[in-house]
Amino acid sequence: MSLKKKETLGGSEATQPAARGAQTARKLVVLPDEAVDMLHRAYDIGDWLSWERILEGRSNHSFFVSASSGNYVLRRSNTRKSVGKDAEAVRFEVRLIDHLRERGYPAPQIIPTRGSERYVEHDGLFYLMTAFIAGSSYDPENPEHLLAAGDGLGRYHRLVRTLSGPYYAHRSSLLTNLGPEGIGVLDEVKLLAEPFLDIEERKRLQDSVSYLQNQFVGVYRAIVEVYPGLSKLVIHGSFGGSALIFAGDTLIGVVDYDRARFEVRAMDLAVTIKGFCRDDKSGEDYWVGLDYARCRDLLAAYREVETLPKEELRALPLIFRGQHLGKVRERCENLVNKNAVVPQEDKEVRRKVTKVEKETARLRWLETYGTDLVAAFVDG
């Protein structure tokens, strides 16, 4: 066996979306020689000519594998317990992908092992190999791609309704991320960051923290009230531009099912709308709000293939706010936990403070324009 290791994946047009645009590794992740030897024995794909790390994605680590029989994508579960997968989750993901492919949905083909297993477990990690889908990336300037995204999510939701249980489910992140811990960690970040900031920056951070803490309380109460009445299904969890592969205007591949779980459908809709309908001109140098026209077009394409009650559409601004607050908590906890191990430098602290302030701006926009946004969703 000959194997050429690479740390990054160079881009040609025919690349899997999860691999596109990733040229600089955030953290070196490698496949140990022992794991490579094990995988070579497990999979009957000929000689492994090279493998390259796909740098996008946090939930798992993925590699582009070039073998004598063709090209493949290998995914390895993350070693971090907070984002890693267990056997139950992997088995469910495999069953979901098979269900979709059997019904003509463009999910990737799973490559079985020599022993006809659908995945490999080794040293507490899980490996899943799929066929590489050659195509081009999502183009935000192409209106046909936007419509194809709406249609693709609608078809996905329609098909998963026929998937029998048991489902993979955790307590909703909307509820767990908005608990009282979110309020406390904001105070910790404020105390940690203040020595690095000037007077105006401290005031701005204080304003953001006060606003966010009120949001944690109010949004949590509102979500607890509406959550039980929202429809639930197996959401995709990552249905954005990086999950889609095109041939011209045609959607030929939908990947990244590692976050699929039983959850309120509005979570999927919110992730997708934010991914495809951002108004890049709504902030000074970053996106803040959403483009109403793109939202209408995306949802119209969705509703061509799947029904969507107005009650769910009206709940979306609240779901958006919950997701943004979840990001705030995640980033704040990340900074606090890192600082507990190694004191963080000025640059990293300021970077996290900037991210918190951006999420604050988005939440303020949603609070101000939520009614207009609902009108665009419902009346569109």
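For the reader, a short list of remarks on this structure follows.
- Segment 152-171, subset of a type outside the set (Val, Ile, Thr) and crowded, with 19+ Cβ neighbours inside 10 Å, residue farthest from Gly253 (Cα to Cα): Tyr168
- One residue from Ser210, Ser242 being in contact with a Pro (Cβ under 7 Å, 6 or more places away or on another chain) and in a helix (DSSP H, G or I): Ser242
- Arg76 basic (Lys, Arg) and either touching a residue at least 60 places away in the same chain (Cβ under 8 Å) or out of contact with any His (no Cβ under 6 Å at 6 or more places or on another chain) (or both): no
- Segment 66-90: number of residues that are outside any strand (DSSP E or B), buried (at least 16 other Cβ atoms within 10 Å of the Cβ) and at pLDDT 85 or above: 2
- Val94 at pLDDT 90 or above, closer than 25 Å to Ala148 by Cα and not in a loop (DSSP other than H, G, I, E, B): yes
- Count - residues of segment 258-273 that are out of contact with any strand residue (DSSP E or B) (no Cβ under 7 Å at 6 or more places or on another chain) and either at pLDDT below 95 or on the phi > 0 side of the Ramachandran plot (or both): 1
- Qualifying positions in segment 176-213 - surrounded by 14 or more Cβ atoms within 10 Å (Cβ to Cβ) and among the aliphatic types (A, V, I, L, M): Leu178, Ile183, Val185, Leu186, Val189, Leu192, Ala193, Leu197, Leu205, Val209, Leu212
- Failed item, numbered, when Asp187 is tested on (1) without any contact (Cβ under 8 Å) to a residue 60 or more places away in the chain; (2) among the charged types (D, E, K, R); (3) part of a loop (DSSP other than H, G, I, E, B): (3)
- Here the condition is being closer than 24 Å to Lys190 by Cα, crowded, with 17+ Cβ neighbours inside 10 Å and in contact (Cβ under 8 Å) with a residue 24 or more places away in the chain; of Leu335, Leu290, Leu316, it holds for Leu335 alone.
- Among residues of segment 237-257 that are in the same structural domain as Leu298 (by TED's automatic domain parsing), those with a beta-carbon under 8 Å from a residue that is assigned to a strand (DSSP E or B) and acidic (Asp, Glu) at least six positions away or on a different chain give the pairs Gly237/Glu263.
- Filtered residues of segment 152-184 (kept if within 28 Å of Ala300 (Cα to Cα), under 17 Å from the mean Cα position of the chain (by Cα) and not in a helix (DSSP H, G or I)): Ser172
- Odd one out for Tyr138, checked against (1) part of a loop (DSSP other than H, G, I, E, B); (2) in the same structural domain as Ala340 (by TED's automatic domain parsing): (2)
The values are calculated or read from the model by the stated rules, or taken from the named source; none is laboratory data. If you're wondering where the values come from, they're calculated on a predicted model, not measured in any experiment. Quick reminder, even Gly has a Cβ in these numbers, built from the backbone with ideal geometry, and neighbours come from all protein chains shown.
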